1. Treating the beta-carbon of each Lys and Arg as +1 and of each Asp and Glu as -1, no other charges, what is the dipole magnitude of the range 3-96 about its Cα centre, to the nearest 20 debye?
2. Between residue 42 and residue 79, what length in nm is gained on full extension when 0.36 nm per residue of separation is reduced by their alpha carbon distance?
3. Can you give me the orientation-averaged projected area of the convex hull built on the Cα atoms of the chain, in nm²?
4. Kindly provide the helix-only [θ] at 222 nm of the chain, computed as the sum of -39,500 (n - 2.57) over DSSP H runs of four or more divided by all residues, to the nearest 500 deg cm²/dmol?
5. Tilt of helix 39-48 relative to the longest C-alpha principal axis of the chain, in degrees (0 to 90, nearest 10)?
6. Under the rule that an exposed site lies in a DSSP loop and has at most 13 other Cβ atoms within 10 Å, name the longest stretch of the chain with no trypsin sites (Lys or Arg not before Pro) of that kind, not counting the sites themselves.
7. Calculate how steeply helix 74-86 sits against the longest principal axis of the alpha-carbon atoms of the chain, using the helix alpha-carbon long axis, and give the answer as 0 to 90 degrees to the nearest 10.
8. Restrict the search to the range 11-112; then list the GluC sites (Glu not before Pro) that DSSP places in a loop and that have at most 11 other Cβ atoms within 10 Å of their Cβ.
Amino acid sequence: MEARLWIEAEHLAEDVDDFCNVVVYLSTGERYALNVWTFDFFEVARAQGEFRASPAVKHLYMRPPDLFVKDLTRPTLERVIVDVLERGALPASTRMPDDAPDVDDSLRFGTD
């Protein structure tokens, strides 16, 4: 199975090195949208607390992203996604509906 990645951080005007969205296009036609954080960003987010929580429990829990990684570079993200796919699958909850719009039509397999 082949995968192509759209990495939000590569399309922003400012440098992003803490978290971003990644869309994974698979040769099977499936697409996955992942919220990806770096390990370093976890500490920043932890200090800020869960933004959806009530003030009484704000620092007692945090909803996790879909994936934690060392950094947001393309080589790292590609290696990680390939490894996740080789050892199972991406989280079902991150699968995009078939009728969801593409972030980049050129990344779909069978359209090149």
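Read the figures in this text as sums done on the coordinates, not as results from a lab. Note that the structure is predicted; figures quoted are calculated from it, not measured. Cβ atoms come from the backbone with ideal geometry, glycine included; neighbour counts cover every protein chain shown.
1. The calculation lands at about 440 debye.
2. The span from residue 42 to residue 79 would gain 11.3 nm if fully extended.
3. On the way: hull surface 33.5 nm².
Directional mean of the projected Cα hull area for the chain stands at 8.4 nm².
4. -6500 deg cm²/dmol
5. The angle comes out at about 40 degrees.
6. Working: sites that count: 52, 70, 87.
In the chain, the maximal stretch lacking such sites is 1-51.
7. Taking the Cα atoms of the chain, the angle to 74-86 is about 80 degrees.
8. On the way: sites: 14, 30, 43, 50, 78, 86; in loops: 14, 30, 50.
Filter output for the range 11-112: 14.
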